Structure formats: structure tokens, C-alpha cells
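A short write-up of the structure that comes next.
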Amino acid sequence: MSRLSDLRYSDVTPQSIYVNRRRFLATAAAAAGAIAGPFSGQGRAAALTGAKSAFSTTEKPTPQQVITSYNNYYEFGTGKDEPVRNAPKWKVPAPWTVQIGGAVAKPKTLDLDAILKLAPLEERIYRHRCVEGWSIVVPWIGFSLSALLKQVEPTAKAKYVAFETYYDPKAMLSAREAGIPFPYKEGLRVDEAMHPLTLLSMGLYGETLPNQNGAPLRLVIPWKYGFKSIKSINKITFTEKQPDTAWATYAPNEYGFYSNVNPKRDHPRWSQASENRLGEGFLGKGTRRPTEMFNGYAAQVAGLYNGMDLMRNY
Ligand SMILES: Nc1nc2c(c(=O)[nH]1)N[C@H]1C(S)=C(S)[C@@H](COP(=O)(O)O)O[C@H]1N2
Ligand SMILES: [Mo]
């Protein structure tokens, strides 16, 4: 993805803002009584484990250190090494709530504790392929997004689901600085969102998510390019029309709504035929391998796109 800004987060956000904000949120959290549970100590990792899943790949997981220090999270900087330095300074609001509405019979706002009770946690080891051409293998902790979406009873009018990332202009870059619109938005068709592979993740490597990986909860859609896997969600809306998404708004000819991994359809500025698997090979700089159709998940998801021209519907 193109990088429009070379400003560092530390250049634009004075230390006093972090400090004051942290103090404010600590007070607010204490007043709300958000003390118990694995998410009480935001900013510190807590154990979060899940049962093994049949959806897991047998490929070797990428080292945790790589997954948590080479990130795309434009709210916290546009360089790969910036989210790990900047995101941990952000105090994740507690209680964290997710507002779910739109074309549904029962709109709801659920907090993290309520969401965690909806389904048993699983460990799902998924391949992750960024549109930029790098890939990793991540042992996520979570459960199918469908368990959450079913709670609100989508109506027959609902064709799409729109997702939004929490946005705090005091703790995050501005849209101008990052070069893409905020709050970060993503979307799926309802059948894609309800597909069992679509994961709502609250952890990785047996711990709660680090901030730079999308704490406290994010989506993971393993057959699509990584930017579809939106981080730190606080709003979900069922819609009749295809929703706007951050990267498609920024450059519609480069990043489409579907963005299924497809080695035959090149990005206008680079090939998508192969990828660099991070954390392997000489000095861990990565090894190249061919990219697979639907990132290797064709057996499970190709049927969602029967009759569609995947070169045009990119
Ligand atoms: N809110 C938000 N979500 C986001 C992004 C972002 O910049 N902001 N980057 C996306 C991209 S391009 C990728 S590849 C993945 C990276 O996830 P990871 O850092 O956990 O590997 O997050 C996606 N989700
Ligand atoms: Mo990405």
C-alpha cells in the first residue's frame, strides 16, 4: 500500500496526551467497575486459550515476535514497525462495547464479557496473506463471527455487513496523516460474514491480542487479503447496499470490495503470483512461495462465488 505520510506518531502526539488520556481512562474504567476477566488488565497480555480446531492449517506458525512486531495498523503509523511502538501506549477503553444494528430484528450493544460467553474459544491456525505480498501463519484464538451476528437476528433485507474500527483522534493518526479515511471501515456480504471460517478473534499464541494486532477484538477472514481483517471493532451494521470500505474508497482501481486472494489477478502495480513468508529462511527475512487461490481455502469458500467473474469482481 502506498505510504502518504512519513510523520511518526511520536512527532504528532505529545507525550502529555498519552499520559493524561491514560489517567482519564483508568479512572473511567474503575468507576465502571471493569475489573474482572481476562481483559481487565488492558495493555498487558493475559492467558486466553482455545480448543484445537479442524480449520487449522498444519503449516508452521510464524514466530510470535514477528506477528506482533511487523504490523499494518495505520491508526498507529504507516510503517511496519510503528504499531508495535505506538499502539501499546493506547489504553483500550473498558468496558469495550460493540454496537450491532441496521437491518436486524434485535439491535444490541454487547460488551466484551458478554461476547466471550457466546461460544467456546477455539485456536485456529490460519494463513494470512497481505495484499502487499507478505504472509504469515497465525494461531488465533476466537470463534466464528456468526455466533455474534446471530444474536441480532438479521432481517431478509440484510445483504451486507459493515464493520468499523474504534477511532480516537487524540490517540491515533488523523486520516490526512495516515492517507486513508478513518474510522477504518470494512465490509462483507452476509454469507461471507456467516461463513464458519470467518473468525472473531480476541487472542493469538494463547494470549489476549496485543494492541498492535487489534485488541480487544478483530476480524480474521483467511481467504481474503489482510486489509479485510479489520481490527479493534466497535460497530457492526447490517445493510441492504454494499458498504464503503477504507481501501476501496482510497483507491477503487487497486483495492476492491471482495479482495479474495487470487494469484492470477495482479495488483495494478505488482504481481500477486507469489508471496514472502515472513520469519523463515536466511536471517528470518522470509522465503518465497506461490500464492494459492483463496489463500488455500478454495475447498471451503469457492462456492460463495459461483457464477461470479473474479477478475472483474476483485
Ligand atoms: N483498523 C485497521 N485494521 C486493519 C488495518 C489497519 O490499518 N487498520 N490493516 C489491515 C492490514 S493491511 C493487514 S495485512 C492486517 C494486519 O494484521 P496484523 O498486523 O495483525 O498482522 O490488518 C488489517 N486490519
Ligand atoms: Mo495488508
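For this structure, a couple of remarks:
- In summary, Gly133 fulfils each of the numbered conditions (1) on the phi > 0 side of the Ramachandran plot; (2) free of Cβ contacts under 8 Å to residues at least 24 places away in the same chain with the single exception of condition (2).
- For first residues located in the range 211-239 and free of Cβ contacts under 8 Å to residues at least 60 places away in the same chain, partners that are of a type in the set (Ser, Thr, Tyr) and within 13 Å of ligand 2 (Cβ to nearest atom) and lie 6+ apart or on another chain with Cβ distances below 6 Å form the pairs Ile221/Ser229; Lys228/Ser259.
- Selection within the range 268-285: residues that are assigned to a loop (DSSP other than H, G, I, E, B) and aliphatic (A, V, I, L, M). The member of this set that is most open to solvent (accessible area, probe 1.4 Å) is Ala273.
- Residues considered: Thr58, Thr109. Of these, the only one that is closer than 18 Å to Leu219 by Cα, away from ligand 2 (no atom under 16 Å from the Cβ) and open to solvent by 10 Å² or more (accessible area, probe 1.4 Å) is Thr109.
- When the range 237-267 is filtered for residues that are under 30 Å from Lys60 (Cβ atoms) and either touching a Phe, Trp or Tyr at 6+ places or on another chain (Cβ under 8 Å) or in a loop (DSSP other than H, G, I, E, B) (or both), the ones remaining, listed by number, are Trp247, Tyr255, Tyr258, Ser259, Asn260, Val261, Asn262, Pro263, Lys264, Arg265, Asp266.
- Index of the failed condition, Lys80 passing every other in (1) part of a loop (DSSP other than H, G, I, E, B); (2) among the basic types (Lys, Arg); (3) over 18 Å from Arg277 (Cβ atoms): (3)
- Boolean, Ser201 is open to solvent by 30 Å² or more (accessible area, probe 1.4 Å), in contact with a Phe, Trp or Tyr (Cβ under 9 Å, 6 or more places away or on another chain) and at negative phi: no
- In the range 180-203, residue farthest from the chain's Cα centre (by Cα) [restricted to those that are over 26 Å from Leu48 (Cβ atoms) and in a strand (DSSP E or B)]: Arg189
- Tally of residues being open to solvent by 40 Å² or more (accessible area, probe 1.4 Å) and farther than 23 Å from Ala175 by Cβ across the range 242-267: 3
The values are calculated or read from the model by the stated rules, or taken from the named source; none is laboratory data. These numbers come from a predicted model, not from an experiment. Counting neighbours? That spans all protein chains shown, and the Cβs are built from the backbone with ideal geometry, glycine included. Side chains are part of the model used for accessible areas, which takes the heavy atoms of the whole protein and leaves out ligands, DNA and RNA. Shrake-Rupley method; radii C 1.70, N 1.55, O 1.52, S 1.80 Å.
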